[in-house]
Amino acid sequence: MSNPLPSVLVVEDEPAIQELLRYSLLQAGIDPVVVGSAEDALKEIHGKLPAAVLLDLMLPGMSGIALAKRLRAEPRTRELPIIMVTARGEEQDRIQGLNLGADDYVTKPFSPLELVARIRAVLRRRAPHLAGDAVSIGPLCLDPASHTVTCAGRTITLGPSEFDLLQYLMHNPERALTRDQLLNALRGDHRFLEDRTIDVYIRRLRAALGSEGEAMIQTIRGIGYKLSGKTE
């Protein structure tokens, strides 16, 4: 069963803050991956893109500012949501962080509930399919919290990949999406997947949804696929 939210990378060197963030994220249904340096963060990101990064500015070795610059400079991580979490709360520090491309800026000490709310808000803006919200399009209803899908009142059983794919399609209705976009959304990073893999998932998804799936998930020749709320 999928988590309501994918993993969030926490880059923080203070053990007490690490544990506070780990506990707060787990309580909110978020899978935290905690590292103590920018260098370790780069290793994690090289292996798999997280949904977002919580980044302390004052780190041993490479600073949080330097890491943010690097992430924003590389095509693979340019759109990765970054929330800076730091004790440096002066206006100039906040402006510097936001100018570097941070999506939000949280000052220590912080409210864990507020931080989780900010993570969800950033994901709703940048990657709504990752925010954990229920969504309905036509006869389809999907709830990430309970990992359930219904179609015209019928409960639909989906594998993890098909569930994630449908979630992304439902958050982008009536949009022609390329296979590349769909694979990026499906895995966060599709370096190890072939382009046509998405066709297999689409076939499985249509088969699971039945006639409604065949009508709603449309093939856009030369581009990819589109989810339409119109079933006729």
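Where a number appears in this text, it was derived from the coordinates with a stated rule and is not lab data. Source: prediction; values computed, not measured. When we count neighbours, we look across all protein chains shown, and the Cβ atoms used for this are built from the backbone with ideal geometry, even at glycine.
Side notes on the structure shown:
- Spin-label model distance (nm) - Asp31 vs Thr148, 7 Å beyond Cα toward Cβ: 2.3 nm
- At an R0 of 35 angstrom, the distance between the Cβ atoms of Ser136 and Arg76 translates into a FRET efficiency of 0.60.
- Peptide packing: for 27-35, 109-117, the average count of neighbouring Cβ atoms within 10 Å per residue gives the ranking 27-35, 109-117, highest mean first.
- Net lengthening on full extension, Ser111/Ile95 (0.36 nm per residue, minus Cα-Cα): 3.7 nm
- Once the Cα-Cα distance is subtracted from the 0.36 nm per residue extended length, the Lys69 to Ala176 segment shows a gain of 35.3 nm.
- The chain: angle of helix 197-209 to the longest principal axis, Cα-based, in degrees nearest 10: 60 degrees
- Simple Cβ-charge dipole of the chain, Lys/Arg +1 and Asp/Glu -1, about Cα centre, in debye nearest 20: 700 debye
- Antiparallel DSSP beta bridges within the chain, as percent of all bridges there, nearest 5: 50 percent
- A Förster radius of 25 Å combined with the Cβ-Cβ distance from Ala87 to Arg124 puts the calculated FRET efficiency at roughly 0.40.
- The chain - convex hull of the alpha-carbon atoms, volume per residue in Å³: 122 Å³
- Within the chain, the longest segment free of exposed loop sites, counting trypsin sites (Lys or Arg not before Pro) that fall outside DSSP classes H, G, I, E and B and have at most 16 other Cβ atoms within 10 Å, spans 79-174.
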